[in-house]
1. Filter region 125-139 for residues that are closer than 17 Å to E40 by Cβ and of a type in the set (A, V, I, L, M) and give the result.
2. Under 8 Å between Cβ atoms, which residue pairs at least 6 apart in sequence (or on different chains) link something in region 111-127 that is farther than 17 Å from Y195 by Cβ with a partner that is surrounded by fewer than 16 Cβ atoms within 10 Å (Cβ to Cβ) and of a type in the set (D, E, K, R)?
3. So T72 ticks every box in (1) among the hydroxyl-bearing types (S, T, Y); (2) at pLDDT below 95; (3) assigned to a strand (DSSP E or B); (4) within 18 Å of the chain's Cα centre (by Cα) but one. Which box is left unticked?
4. Which condition does E40 not pass, out of (1) more than 17 Å from D119 (Cβ to Cβ); (2) touching a residue at least 60 places away in the same chain (Cβ under 8 Å); (3) of a type outside the set (A, V, I, L, M), if it passes all the others?
5. Look at region 48-64 and say how many of its residues are among the β-branched types (V, I, T), more than 22 Å from the chain's Cα centre (by Cα) and in a loop (DSSP other than H, G, I, E, B).
Amino acid sequence: MVKQKLLDLKLSSLIQGGILIRTALEFVKKEVESYIVAREQGPDYTIGNVVDLKSIVLPNGTVNVTDTTHITVMLVGVDEERREGKRPHYIPADDKNFFRLNPPVELDIFVLFVAHNNDYATALRDLSDVLGFFQANPVFDAAKYPALNASVSMPDEKPWQLIERLSFMLHSLTFEQQNNLWAMLGSKYIPSVVYRMKMLTFFETKSNDKITSITELNLAGSSP
């Protein structure tokens, strides 16, 4: 346990981009909600009553939206960002050997924003607010947005949950893709948009793959 804790702390400089999906989406929920509340300034728009972070469909297939809120945020897809040249990391162990850690997995997260107010015109206005928010705020970094990691408890002991940077891009769906998405959710279409959230880097810091350290080099052609 102590050895693993030391390894996690040694890795903190390498994995500042390593985060949990929950950390990112909780931050997005709060930021979108604050933006809409400030923009609308109405009695139906108060902190804690505008944006939900949850699945819009329960396991039994029932549509799960709250009448008293305006927007529901939901994860609808995960895609790996493949790049050449990614290499494993090696971390010193206590016995002068090394632990081999697989290269980080870089992911794009697809996030659905559903505007489900009972009044259709209000739902369209809410959806416009979401679009306006990301048009004005396409990128978030920890230096400019300290709240990015506000939901992480004990960040010094859990550096893999910390967010370094998030960026958002509107992900356009064809009518066929849109139909497939809502069929998967088991619901009729509700006004909504999908954003691609880039890049979430997952780096597992626990490893049982121990590598023996190099103690001698034998170069071809060298004198004995």
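The values are calculated or read from the model by the stated rules, or taken from the named source; none is laboratory data. Treat the numbers as computed from the prediction; the structure is a model and nothing was measured. Cβ: placed from backbone, ideal geometry, glycine included. Neighbour counts: every protein chain shown.
1. Hits for region 125-139 are L127, V130, L131, A136.
2. Every condition considered, the pairs that remain are N118/D67.
3. (2)
4. All conditions are met except number (1).
5. Within region 48-64, the subset among the β-branched types (V, I, T) is 50-51, 56-57, 62-63.
Now drop any that are not more than 22 Å from the chain's Cα centre (by Cα), which leaves 62-63.
Subset that is in a loop (DSSP other than H, G, I, E, B): 62.
Residues in region 48-64 being among the β-branched types (V, I, T), more than 22 Å from the chain's Cα centre (by Cα) and in a loop (DSSP other than H, G, I, E, B): 1 in total.
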